[in-house]
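See structure below.
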Amino acid sequence: NEWNAKSYWELKGEGTTFDIATDQPIPANNSHYAVLNTTQPGAALQNNGFDGIVLKQGDKYNLSLFLKSLNGKNQKVRIQLLDGDKVLAQTTLTASTAWKQLKATLKATASVEKATLSIQPQTAGKLAIDFVSLFPQKTFKGRKNGMRPDLAQTLADLHPRFVRFPGGCVSHGNGLENMYRWNTTIGPLWERKGQSNLWGYHQSLGIGFYEYFQFCEDIGAEPLPVL
C-alpha cells in the first residue's frame, strides 16, 4: 500500500509542481506518467535509485526517457547525474509535442556510491515524462538490458545445470490479479505491466521471460520456467 506512482521521485526546488496523469498514455497498460508544470525554471525532478545510483568514473550509461511537451511547442530539458551539488554528467534533450523516446549517453566523471538522476525543465510550461531509464553500458556478455556483470559472472562460475525462474512466490503472487504472467514480461520494456510483489516493492519486469532464457543460454544452463 505504501508504493505509489511517485515512489522514489522527488521534486527539488521552487516554481514547479509534480503531478501524475493518466490521459493519453504511451501504452494503455502503463497509464501513469509524470507532469511537471513550471512557472519559473530552476526546479528538478530527481531520483536517487534503489539505495543510491552507483557510478564508476569513465563508464558510460545509457539514458532513455519518453518526453512530451504539453505547451504546443518544443521544450528543452536538462538531464544531470549529481553527487550532491556536483555535476558528474549532463545532457540537454528537446521534448516535442508528441510522445517520443529520447536517448543519450552519459559518461561519469567520478566514481560515487549514491548519485542522483535529475530532470530539469529549462522553460516554463507543462512537460510530460514517462519510462525513465538509466542503464550501464557494461553488462554481462554485453547484452542490451542485460545482467549486472559481476553478479552474473558469479552465477556463471557455479556452472549450474539449470536455472529455475521466476520463482514460486513470484509466480502465484498475492492472488489472481497479482500473478506473474509470462506474456506480460516480454516485448518493449515500456509496454510491460509492472506490479507489486510479496516482498513489498515494485516489479518493473525489466527482467522478463526473454531475459531469463537469454541468461540461461549465456551460461550454458537448462532453463526451467515456472508457469
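The values are calculated or read from the model by the stated rules, or taken from the named source; none is laboratory data. This one's a predicted model, so the numbers in the text were calculated from it and none came from an experiment. Quick reminder, even Gly has a Cβ in these numbers, built from the backbone with ideal geometry, and neighbours come from all protein chains shown. We work out accessible area using only protein heavy atoms, side chains counted, and drop any ligands, DNA or RNA first. Shrake-Rupley method; radii C 1.70, N 1.55, O 1.52, S 1.80 Å.
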*Kindly provide the helix-only [θ] at 222 nm of the chain, computed as the sum of -39,500 (n - 2.57) over DSSP H runs of four or more divided by all residues, to the nearest 500 deg cm²/dmol?*
-3000 deg cm²/dmol
*Taking a 22 Å limit on the Cα-Cα distance, which of the listed pairs Lys86/Lys141; Lys68/Lys107; Lys100/Lys193; Lys73/Lys100 fall beyond it?*
Lys86/Lys141; Lys68/Lys107
*If a/c stays under 1.5 just call it rounded; otherwise compare a/b with b/c (prolate if a/b is bigger, oblate if not). Do that for the stretch 15-97, with a ≥ b ≥ c from the square roots of the Cα gyration tensor eigenvalues.*
prolate
*Sort Met147, Met179 from largest to smallest accessible area, using a 1.4 Å probe on the heavy atoms of the protein chains.*
Met179, Met147
*Could you order Tyr212, Tyr33, Tyr201 by accessible surface area, starting with the largest, using a probe radius of 1.4 Å?*
Tyr201, Tyr212, Tyr33
*Per the Kirkwood definition applied to all pairs of different Cα atoms, how many angstroms is the hydrodynamic radius of the stretch 3-151?*
15.9
_Pairs of Cα atoms farther than 17 Å apart, the stretch 157-227, %_ = 45
*Simple label model, 7 Å out from Cα along Cβ direction - Asp19 to Gln137, nm*: 4.0
*When the solvent-accessible surface of protein heavy atoms is calculated with a 1.4 angstrom probe, in what order do Thr91, Thr185 fall, highest first?*
Thr91, Thr185
*asked:* For the stretch 10-63 and the stretch 110-171, what is the centre-to-centre distance using only Cα atoms, to the nearest Å?
replied: 17
*In sequence order, calculated HN-Hα J values of the stretch 63-80 (Karplus, 6.51, -1.76, 1.60; Hz; x Gly/Pro)*: 9, 8, 6, 9, 10, 8, 7, 9, 9, x, 8, 5, 9, 8, 9, 9, 10, 9
